[in-house]
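Undergrad: Please read through the structure below; I'll follow up with questions.
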Amino acid sequence: MREHLWQQRNLKGKLAAIRFTANKKAKPPHGIRGSGWGPSTNRIFETGPMVMLSISTSIQEQADWLIRENPDYLLTHPTNALALARHFEKTGETLPGLRQVRALGETINPELHAICRGVWGVSLADMYSAQEVGYIALQCPDHLHYHIQSESVLVEVLDKENQPCAPGETGRVVVTPLHNFAMPLLRYELGDYAEMGGACPCGRGLPVLTKILGRVRNMVTLPSGEQHWPDVAHRHYRKIAPIKQMQIVQHTPETIEVRLVVETSLTPEQEGRLILAIRDSLKFPFQVSFTYAEHIPRSKGGKFEEFVSEVAQNAQVAL
């Protein structure tokens with residue numbers, strides 16, 4: 001409810017959710033239809049209708065469904081929102097009733113805020129949560145950073161020496177939920193990394209996370225053992241080649257596989273330019289191989305990771 005009120009949403013509007021669901025009825029053309037936004041909201045306010053579609057549906061089918069439903073609010077994963085926005089940008093179709101895009105479950109591509117504004121004329125609001133603890137932080141309605149929900153969860157961002165990170169520093173996210181009396185979790189390490197922020201001028205007074213960076217498996221591991229967060233910058237790659245979907249997988253300290261879904265076949269010149277751009281963004285001259293597919297699947301939970309390092313995952317298991 002706090003997030004709805006912070007974002008000043010019209011609770012009588014229509015909410016469309018495109019996300020993972022085990023309900024087999026959440027398929028096109030109609031998906032699932034409900035009379036309210038959910039029990040936590042409906043118990044306090046009278047809300048408008050909710051419609052849901054499985055995220056396993058194709059982007060074309062999702063777009064057709066959204067045009068028919070014309071929702072006030074769209075809730076989905078960031079990578080799915082980006083794919084939808086690019087589709088609408090290409091087709092020139094619109095969602096005249098849309099007021100805001102709500103994101104969950106993945107890290108935010110910097111391009112997403114701009115393309116939601118440019119294509120649909122709406123803002124993007126993100127939330128940081130985990131199945132084990134619920135809501136962790138909500139995006140400030142006045143800024144792009146996040147406010148930790150300190151009334152319900154104690155959040156620590158710790159460096160390599162297990163010391164609290166100062167504003168501007170990145171560390172591991174460790175949480176202690178304050179509302180789970182059935183099975184308490186004390187200083188539970190999620191596997192996520194985040195950047196601490198300073199005081200927010202909005203006056204809400206809650207601690208700030210500047211960025212949610214993802215998990216260890218999303219970090220580049222160099223042959224020296226040094227790790228850093230990749231600047232995937234897919235918007236730059238799309239200027240080189242007609243890329244619809246892209247995922248980079250690091251298999252060894254020296255090699256990466258670039259999985260691509262493309263509109264038309266790439267030329268050797270385009271592949272060569274992509275290799276140079278990827279090496280530049282990852283800050284190492286990796287050996288690059290390309291794998292082409294009709295679709296790159298999401299995880300069982302509906303998430304899509306743009307960069308995955310098997311090297312980082314194996315190192316974490318070894319520790």
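The values are calculated or read from the model by the stated rules, or taken from the named source; none is laboratory data. Because the structure is a prediction, the values reported are computed rather than measured. Note: ideal-geometry Cβ built from the backbone for every residue, glycine included; neighbour counts use all protein chains shown.
For every residue, the table says whether it meets (1) surrounded by 15 or more Cβ atoms within 10 Å (Cβ to Cβ); (2) in contact with a Leu (Cβ under 8 Å, 6 or more places away or on another chain); (3) within 21 Å of residue 114 (Cα to Cα).
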{"position": "224", "(1), (2), (3)": "no, no, no"}
{"position": "256", "(1), (2), (3)": "yes, yes, no"}
{"position": "262", "(1), (2), (3)": "yes, no, no"}
{"position": "269", "(1), (2), (3)": "no, no, no"}
{"position": "274", "(1), (2), (3)": "yes, yes, no"}
{"position": "284", "(1), (2), (3)": "yes, yes, no"}
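Undergrad: Kindly provide the set of residues from the range 179-197 that are within 27 Å of residue 6 (Cα to Cα) and either modelled with pLDDT of 95 or more or not in a loop (DSSP other than H, G, I, E, B) (or both), ordered by number.
TA: Matches in the range 179-197: 190, 192, 193, 194, 195, 196, 197.
Undergrad: Now a separate question. Check the range 100-107 and report whether any residue there is modelled with pLDDT of 95 or more, touching a Leu at 6+ places or on another chain (Cβ under 6 Å) and either more than 30 Å from residue 173 (Cβ to Cβ) or not assigned by TED's automatic domain parsing to the domain that holds residue 211 (or both).
TA: Yes: the range 100-107 contains one or more residues that are modelled with pLDDT of 95 or more, touching a Leu at 6+ places or on another chain (Cβ under 6 Å) and either more than 30 Å from residue 173 (Cβ to Cβ) or not assigned by TED's automatic domain parsing to the domain that holds residue 211 (or both).
Undergrad: Further question on the same structure: Could you check residue 171 against (1) more than 23 Å from residue 114 (Cβ to Cβ); (2) surrounded by fewer than 17 Cβ atoms within 10 Å (Cβ to Cβ) and say which number it fails?
TA: It is condition (2) that residue 171 fails.
Undergrad: Please go through the range 50-74 and pick out each residue that is more than 16 Å from residue 298 (Cβ to Cβ) and out of contact with any Gly (no Cβ under 9 Å at 6 or more places or on another chain).
TA: Answer for the range 50-74, where residues must be more than 16 Å from residue 298 (Cβ to Cβ) and out of contact with any Gly (no Cβ under 9 Å at 6 or more places or on another chain): 60, 63, 64, 66, 67, 68, 74.
Undergrad: For the subset of the range 221-252 comprising residues that are within 18 Å of the chain's Cα centre (by Cα) and at pLDDT below 85, which member is farthest from residue 273 (Cα to Cα)? Show your work before the answer.
TA: Of the range 221-252, the ones within 18 Å of the chain's Cα centre (by Cα) are 229-235, 244-249.
Imposing the further condition that a residue be at pLDDT below 85 reduces the set to 229-235.
Values: 229: 22, 230: 18, 231: 17, 232: 15, 233: 14, 234: 13, 235: 14 Å.
Step by step, filter the range 221-252, then rank; the result is 229.
Undergrad: How about the range 151-163: which of its residues are in contact (Cβ under 8 Å) with a residue 24 or more places away in the chain and part of a strand (DSSP E or B)?
TA: Of everything in the range 151-163, those that are in contact (Cβ under 8 Å) with a residue 24 or more places away in the chain and part of a strand (DSSP E or B) turn out to be 153, 154, 155, 156, 157.
Undergrad: Taking the conditions exactly as written (farther than 27 Å from residue 129 by Cβ and surrounded by 12 or more Cβ atoms within 10 Å (Cβ to Cβ)), does residue 309 satisfy them or not?
TA: No, not satisfied.
Undergrad: Could you please let me know if residue 209 is in contact (Cβ under 8 Å) with a residue 60 or more places away in the chain and over 30 Å from residue 253 (Cα atoms)?
TA: Working: in contact (Cβ under 8 Å) with a residue 60 or more places away in the chain: yes; over 30 Å from residue 253 (Cα atoms): yes.
The answer is yes for residue 209.
Yes or no, residue by residue, for (1) under 19 Å from residue 19 (Cα atoms); (2) over 14 Å from the mean Cα position of the chain (by Cα); (3) surrounded by fewer than 22 Cβ atoms within 10 Å (Cβ to Cβ):
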| site | (1), (2), (3) |
| --- | --- |
| 73 | yes, yes, no |
| 80 | yes, no, no |
| 97 | no, yes, yes |
| 103 | yes, no, no |
| 109 | yes, no, yes |
| 118 | no, yes, yes |
| 122 | no, yes, yes |
